[in-house]
Amino acid sequence: MAVHDTTDTTDTTGTTRRGDRTAEPVLGSAAPRREGPAKLTGTARYAAEHTPPDCAYGWPVAAAVAHGSVTGIDDSDAMAVPGALAVLTHENAPRLGEPDDPTLLLLQSPRVPHRGWYVALAVGETPEAAREMARALHVSYDEEPHDVLVHPDHPKLYHPEQANGGYPGACERGDFDAEYDAAPHRFDLTYTLGPLHNHPMEPHAATAVWEGGHLIAYDSSQGATVVCQTLATMFGLDPHQVTVVAEHVGGGFGSKGTPRPPVVLAAMGAKHTGRAVKVALPRRELPFVVGHRAPTVQRLRIGARDDGTLAALGHDVTTHTSTVREFVEQAAVPSRVMYGSDGSRTGHGVVALDVPTPSWMRAPGEAPGMYALECAMDEVATALGIDPIELRLRNIPDREPDSGRPFSSHHLADCLREGARRFGWERRDPRPGARRDGDLLLGTGVAASTYPAYVAPSTASVQALGDGSRPAYHVRINATDIGTGARTVLAQVAADELGVPLEAVRIDVGSSDLPAAPLAGGSSGTASWGWAVHKACRELRESDGTLVTVDTTSDVQGQEEYARHAFGAVFAEVSVDTVTGEVRVRRLLGVFAAGRILNARTARSQFIGGMTMGLGMALTEHSSLDTRLGGFVEKDLAGYHVPAHADVPDIDAHWIEEHDPYLNPVGGKGIGEIGIVGTPAAIANAVHHATGRRYRELPLTPDRVGVVA
Amino acid sequence: MIPQRTATSSTLTLHVNDTAHTVTVDHRATVLDVLREQLHLTGSKKGCDHGQCGACTVLLEGRRANSCLLLAVAYDGAHLTTVEGLGDEERLHPLQEAFHERDAFQCGYCTPGQIVSGVGMLCEAAEGHPSHATSPEALQWATGAPAELNRDEIRERMSGNICRCGAYPHIVEAIEDVTDHALRHRGTAPHRTDAGADAGTDADSGTDARTDAVPAR
């Protein structure tokens, strides 16, 4: 098993410069980002940075009650503000066609499903005027009682047919009750996670302008094809009458994976006023209107034999959704994948509350689910006196437990062993609380990671330009680069297949006028887009023509039945201050098996970035619902603490060279999400090792950890 | 110049990247919004508009500042450096080059703020400013000698700039790469000029100053 070595890669990246040719293969090389210079010098334009001539500014007005309906809107003061253009409300806004996602049905009815729901849009000549108008708008409400707290005994709890991702809400395998009751070692453990917020650095924003009957929108989105189709539906247009541009996107982490209010509001405002309209959401409003990771209460029941193998595995998740749309965080799903057992029961219960609608946040399902499962596995290991790595090795299944399908490839064991070697795991004293450094207690922990290798159909085109002596190619695909390096890696795929230098490939992404493609989400972008680019380049190479357009629908649907998952192992070392309760991460190391790594430089950044977000989930990120006022308490970056420079140590990310013939022609499994998955449990397990205490709730902030004797 | 005022707006001059811009600003407008919406210098980003994230960091008279917290009307005659003033795509600033080599960014939205903040931070350290991470021993001597920038120092001094993609380890490496050169390399240590200096005399980087009047909205 070849293992990619950090030192080698660092050397490579240190000597590779833009425009230089290197001897190494194009695909897999550490090519720097194509849009790098534009981003580094500030010339890369994001959604709110397109200002068409005569552009007006929209400022949304958020509902000031937790539940109820709007009974009246007085806009006389708002329209008296110098520079006022219009106030759009449910009484005068353009009527919209029904979208798939009802959270986009804005200003269509007086209903207020939760605090922060938009009830109006003020449009003014300047940002200052629009904001002043929003403040001066008088909205009266008929308030109704609200209920925002989920718990497993909630009377409105129900068991959904499906959870997010199309997974069955509940699954049974074998006889869980009998196996659990008969097991010599039984563990019944409950883990609790509050809501979490994506908070990409670029707040959601859009600029829209109507040119004749054609709608042009610059949107901060993970997938302009879906936005284009949605706007066409809502505004009664043919998709060819809509152009959505998402050239540079300042992060999304799932929250921009579906169309969001700014693009709908901007298009409505532009239609109503006949002007270009820009809508950039204030940071404090994001938690209410762009989705969040739903809170979960997770009950893990594990029946173990003396040797640590599992006889029974039960994973019951309780979560919330809104009254607008059902979204069920599929946190029990990883327990259907990770470990074998004779009897298993996994299921989800959900309550529809007067809360903002939850949605995707980096590794929905896996991130919270693996926190609970991997902490529980650590508790089993500790109780049985078995090394936590050994316990996992003993429980790796031959086939995916619930489906019975063979794995396309499975290298969790290699990740655990390689990580242990690099981390120095064999020198670990397993006794909790054994290492002390002054007021600090030190501990180490490990957790496994997993994320499914999704792929979706895509189209793409490639055109041969230039002449025989200087080949040049133009790849076109509506992929989205939200910071992954999609432009760069897709150009690498094309250059590799065409057998030309990277510089010979020009690529356009980020517009719905390009060949349609799925969104950047589910760690599936590179696999899905790369498959289409690869196919287009291959067909061009094998044809006499100069332009090829392909569609991978039949290829994707023709895949063989395998269980396809990336795996990984994360190791953490923490210090816990016995006086203040502060937990700090000293070391963080991840080893991943995610198929072929297509760009060593950008892949490392994604692994490290995912682990950093996992560190935030473990230690700093906390949100809560306000029982009195409804909505979230932690609204902005002063209240909701994402990790800062000083929170993050050096992070090591490595990978196994994994060759999986059952994936897609480019051979990658997707890497955007797996980095976050094992990290919270690795840190929580390290805190137990340091202190001897199990907290079973995140984040491990000083107030929660407290004074450690 | 004496600002021309109405009850709600004033005409004033901002010296941005050695170019004088005469603009009429709404009294409620921040320097960030004037840069982005009136001067179309969109390199400075709006991440939070509350001074919490650092994406809007500019150098104001050579010092780091969150431009979202500066009301433009209060800065007539001020000298600002934004990311656009550090380098261009053909000729990157050494810190921009280091960010590129280290892949110290992903989505790129916090990046201009990180880079401008890094440049300002290197200058502060060169002038001997201590930080929370500076050892008590070093503080005791307080000689004004350049502060030594180990990784903890860099992390502490850069903690006003948030990156949600999690590029922090690579950002620290990129800053380390230029630390040794910070004092030597032309343009890395930003020049300081006196507030209110005449537009014709603030061009000590060699760029000719010109007045680029922007019409009032």
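The values are calculated or read from the model by the stated rules, or taken from the named source; none is laboratory data. From a predicted model like this one, the values you see are computed outputs, not experimental measurements. Note that we place each Cβ from the backbone using ideal geometry, even for glycine, and neighbour counts take in every protein chain shown.
Just a yes or no: is a residue in the stretch A:593-614 closer than 20 Å to A:Pro287 by Cα, assigned to a helix (DSSP H, G or I) and more than 8 Å from chain B (Cβ to nearest Cβ)?
Yes, the stretch A:593-614 contains at least one residue that is closer than 20 Å to A:Pro287 by Cα, assigned to a helix (DSSP H, G or I) and more than 8 Å from chain B (Cβ to nearest Cβ).
Filter the stretch B:132-163 down to residues that are within 14 Å of another protein chain (Cβ to nearest Cβ), surrounded by fewer than 21 Cβ atoms within 10 Å (Cβ to Cβ) and among the charged types (D, E, K, R), then give me how many there are.
Here the count works out to 3.
Please tell me if A:Ile676 is crowded, with 24+ Cβ neighbours inside 10 Å, aliphatic (A, V, I, L, M) and either more than 10 Å from chain B (Cβ to nearest Cβ) or more than 30 Å from A:Glu285 (Cβ to Cβ) (or both). Full working, then the answer.
Details: crowded, with 24+ Cβ neighbours inside 10 Å: yes; aliphatic (A, V, I, L, M): yes; either more than 10 Å from chain B (Cβ to nearest Cβ) or more than 30 Å from A:Glu285 (Cβ to Cβ) (or both): no.
Answer is no for this residue.
Please enumerate the residues belonging to the stretch A:502-513 that are assigned to a loop (DSSP other than H, G, I, E, B) and surrounded by fewer than 21 Cβ atoms within 10 Å (Cβ to Cβ).
Quick first cut of the stretch A:502-513, residues assigned to a loop (DSSP other than H, G, I, E, B) only: A:509-510, A:512-513.
Residue satisfying the conditions is A:Asp513 alone.
Just give me the residues in the stretch A:323-346 being more than 13 Å from A:Asp402 (Cα to Cα) and either acidic (Asp, Glu) or surrounded by fewer than 22 Cβ atoms within 10 Å (Cβ to Cβ) (or both), in sequence order.
Narrowing the stretch A:323-346 to residues more than 13 Å from A:Asp402 (Cα to Cα): A:323-331.
Across the stretch A:323-346, the qualifying residues are A:Thr323, A:Val324, A:Arg325, A:Glu326, A:Glu329.
Going through the stretch B:21-43 one residue at a time, which ones are within 7 Å of another protein chain (Cβ to nearest Cβ) and among the hydroxyl-bearing types (Ser, Thr, Tyr)?
Within the stretch B:21-43, B:Thr42 is the sole residue that qualifies.
Look through the stretch A:628-655, keep the residues that are assigned to a loop (DSSP other than H, G, I, E, B) and charged (D, E, K, R), and return whichever of them is nearest to B:Ser131 (Cα to Cα). Lay out the reasoning, then the answer.
Filtering the stretch A:628-655 for residues assigned to a loop (DSSP other than H, G, I, E, B) gives A:628-631, A:633-644, A:648-650.
Checking which are charged (D, E, K, R) leaves us with A:628, A:634-636, A:650.
Numbers: A:Arg628: 41, A:Glu634: 29, A:Lys635: 29, A:Asp636: 26, A:Asp650: 20 Å.
Filtering first and then ranking leaves A:Asp650.
Looking only at the stretch A:87-103, which residues are closer than 16 Å to A:Ala62 by Cβ and surrounded by fewer than 22 Cβ atoms within 10 Å (Cβ to Cβ)?
To start, the set of residues in the stretch A:87-103 that are closer than 16 Å to A:Ala62 by Cβ comprises A:87-90, A:93, A:103.
Result: A:Thr89, A:His90, A:Ala93.
For the structure I just gave you, tell me whether B:Ala74 is part of a helix (DSSP H, G or I), surrounded by fewer than 22 Cβ atoms within 10 Å (Cβ to Cβ) and either outside the structural domain of B:Cys123 (by TED's automatic domain parsing) or without any contact (Cβ under 8 Å) to a residue 24 or more places away in the chain (or both).
Details: part of a helix (DSSP H, G or I): yes; surrounded by fewer than 22 Cβ atoms within 10 Å (Cβ to Cβ): yes; either outside the structural domain of B:Cys123 (by TED's automatic domain parsing) or without any contact (Cβ under 8 Å) to a residue 24 or more places away in the chain (or both): yes.
Taking the combined requirement at face value, the residue satisfies it.
Listed residues A:Ala86, A:Ala120, A:Ala78; which is assigned to a helix (DSSP H, G or I), at pLDDT 95 or above, more than 13 Å from every other protein chain (Cβ to nearest Cβ) and in contact with a strand residue (DSSP E or B) (Cβ under 7 Å, 6 or more places away or on another chain)?
Every option except A:Ala78 fails the conditions.
Could you please find all residues in the stretch B:88-116 being within 9 Å of chain A (Cβ to nearest Cβ) and free of Cβ contacts under 8 Å to residues at least 12 places away in the same chain?
Correct list: B:Asp88, B:Glu89, B:Glu90, B:Leu92, B:Glu97, B:His100, B:Gly108.
Can you confirm whether B:His129 is surrounded by fewer than 23 Cβ atoms within 10 Å (Cβ to Cβ) and not in a helix (DSSP H, G or I)? Lay out the reasoning, then the answer.
On the way: surrounded by fewer than 23 Cβ atoms within 10 Å (Cβ to Cβ): yes; not in a helix (DSSP H, G or I): yes.
Against the criterion (surrounded by fewer than 23 Cβ atoms within 10 Å (Cβ to Cβ) and not in a helix (DSSP H, G or I)), B:His129 qualifies.
Could you grab me the full set of residues in the stretch A:515-567 that are touching a Gly at 6+ places or on another chain (Cβ under 6 Å), aliphatic (A, V, I, L, M) and in a helix (DSSP H, G or I)?
A:Ala527
Tell me which residues, restricted to the stretch A:21-51, are in a loop (DSSP other than H, G, I, E, B), within 12 Å of chain B (Cβ to nearest Cβ) and not basic (Lys, Arg). Reasoning before the result, please.
Residues of the stretch A:21-51 in a loop (DSSP other than H, G, I, E, B): A:21-27, A:29-35, A:42-46, A:50-51.
Imposing the further condition that a residue be within 12 Å of chain B (Cβ to nearest Cβ) reduces the set to A:30-35, A:42-46, A:50-51.
Within the stretch A:21-51, A:Ala30, A:Ala31, A:Pro32, A:Glu35, A:Gly42, A:Thr43, A:Ala44, A:Tyr46, A:His50, A:Thr51 qualify.
Let me confirm something: among A:Pro145, A:Pro152, which residue is surrounded by 13 or more Cβ atoms within 10 Å (Cβ to Cβ), part of a loop (DSSP other than H, G, I, E, B) and in contact (Cβ under 8 Å) with a residue 40 or more places away in the chain?
Values: A:Pro145 fails: surrounded by 13 or more Cβ atoms within 10 Å (Cβ to Cβ).
Result of the check over A:Pro145, A:Pro152: A:Pro152.
Let me confirm something: among A:Gly424, A:Gly369, A:Gly438, which residue is out of contact with any Gly (no Cβ under 6 Å at 6 or more places or on another chain), within 28 Å of A:Asp181 (Cβ to Cβ) and at pLDDT 95 or above?
Of A:Gly424, A:Gly369, A:Gly438, the one residue that is out of contact with any Gly (no Cβ under 6 Å at 6 or more places or on another chain), within 28 Å of A:Asp181 (Cβ to Cβ) and at pLDDT 95 or above is A:Gly369.
Is it true that some residue in the stretch A:681-692 is in a loop (DSSP other than H, G, I, E, B) and in the same structural domain as A:Val642 (by TED's automatic domain parsing)?
From the stretch A:681-692, those in a loop (DSSP other than H, G, I, E, B) are A:692; that's our starting set.
When the remaining residues are screened for being in the same structural domain as A:Val642 (by TED's automatic domain parsing), the result is A:692.
Within the stretch A:681-692, one or more residues are in a loop (DSSP other than H, G, I, E, B) and in the same structural domain as A:Val642 (by TED's automatic domain parsing).
Conditions (1) within 14 Å of another protein chain (Cβ to nearest Cβ); (2) part of a loop (DSSP other than H, G, I, E, B); (3) within 30 Å of A:Ala183 (Cα to Cα); (4) free of Cβ contacts under 8 Å to residues at least 24 places away in the same chain, marked per residue:
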| site | (1), (2), (3), (4) |
| --- | --- |
| A:Thr230 | no, no, no, no |
| A:Lys256 | yes, yes, no, no |
| A:His272 | no, no, no, no |
| A:Pro287 | yes, no, no, no |
| A:Arg299 | no, no, yes, no |
| A:Ile302 | no, no, yes, no |
| A:Ala311 | no, no, yes, no |
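Counting just the residues of the stretch A:168-206 that are part of a loop (DSSP other than H, G, I, E, B) and more than 30 Å from A:Ser221 (Cα to Cα), which one comes out farthest from the chain's Cα centre (by Cα)? Full working, then the answer.
Start the filter on the stretch A:168-206 by keeping residues that are part of a loop (DSSP other than H, G, I, E, B), which leaves A:169, A:174-175, A:183-184, A:194-195, A:197-204.
Narrowing the set further to residues that are more than 30 Å from A:Ser221 (Cα to Cα) leaves A:174-175, A:183-184.
Values: A:Gly174: 33, A:Asp175: 34, A:Ala183: 37, A:Pro184: 39 Å.
Taking the candidates together, the pick is A:Pro184.
Quick check on the stretch A:238-247. Is at least one of its residues within 14 Å of chain B (Cβ to nearest Cβ), touching a helix residue (DSSP H, G or I) at 6+ places or on another chain (Cβ under 7 Å) and farther than 21 Å from A:Leu96 by Cα?
In the first step, residues of the stretch A:238-247 are kept if they are within 14 Å of chain B (Cβ to nearest Cβ); the result is A:246-247.
After this cut, where a residue has to be touching a helix residue (DSSP H, G or I) at 6+ places or on another chain (Cβ under 7 Å) as well, the list is A:246.
Narrowing further to those that are farther than 21 Å from A:Leu96 by Cα: A:246.
The answer is yes; a qualifying residue exists.
Out of all the residues in the stretch A:106-116, is one or more surrounded by 15 or more Cβ atoms within 10 Å (Cβ to Cβ), more than 20 Å from A:Arg284 (Cβ to Cβ), in contact with a helix residue (DSSP H, G or I) (Cβ under 9 Å, 6 or more places away or on another chain) and at pLDDT 95 or above?
Yes: the stretch A:106-116 contains one or more residues that are surrounded by 15 or more Cβ atoms within 10 Å (Cβ to Cβ), more than 20 Å from A:Arg284 (Cβ to Cβ), in contact with a helix residue (DSSP H, G or I) (Cβ under 9 Å, 6 or more places away or on another chain) and at pLDDT 95 or above.
With the structure loaded, tell me whether A:Ile671 is in the same structural domain as A:Val583 (by TED's automatic domain parsing), in a helix (DSSP H, G or I) and not basic (Lys, Arg) or whether it fails that test. It would help to see each step written out before you state the result.
Values: in the same structural domain as A:Val583 (by TED's automatic domain parsing): yes; in a helix (DSSP H, G or I): no; not basic (Lys, Arg): yes.
The answer is no for A:Ile671.
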